[in-house]
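Here is the structure we will look at.
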């Protein structure tokens, strides 16, 4: 592949078969063409290490479309398709603002902290999924616990960040090895009372007081059980 011309918004490339393609310079494509981060397309076998303080490591996952973000010895953050576009934007922010003192990892660190702050606890949602009415849906393959959250009816994804999305909107189109990110599509824009009375559940003889995020996740999940399969 040979770059023929580049503007502030697009890059024109010619592939080995002679075909010419006009590729928009999205944040991900700018990382590829301007910063040579082609490792973002090599699933599983390419580790991108950013020599920053703290040290960051980014691994494109073999499951397709996701990444693993490691920051020093902290627990790795698994980034699924629902967070991919936002993650790429923050990664671009790090490289685009690369100054004389080197890359500043703050954008990715803040991204990691915000994701973890807004997520629900895995042991809590696993327990909730084993209880009615969710267990009935699981038994009938109408609810699946997937990487990014709870998938209702194969079409409605409730993410760990309490957002509804259509999983189809997170797909990528590969053209000549270049990935074009589709526009993220929120399935439903809903508002809930953030001052809901918090409930306590017991898991393995241990009491868990549900956080506000977990209460919202549970409320949205109950709502989703009333939505007819599409």
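Label separation (residue 19 vs residue 34): 2.7 nm, computed from points 7 Å beyond Cα along the C-beta direction.
If R0 is taken as 30 Å, the Cβ-Cβ distance between residue 113 and residue 155 corresponds to a FRET efficiency of 0.45. For residue 123 and residue 198, the FRET efficiency from 1/(1 + (r/R0)^6), where r spans their Cβ atoms and R0 equals 22 Å, is about 0.85.
A full extension of the chain between residue 42 and residue 130 corresponds to an added length of 28.0 nm, given 0.36 nm per residue minus the alpha carbon distance.
Values in this text are rule-based calculations from the coordinates and carry no lab data. What you see is a predicted model, and the numbers here were worked out from it, not measured in a lab. Using ideal geometry, Cβ is built from the backbone for each residue, glycine included, and neighbour counts are taken over all protein chains shown.
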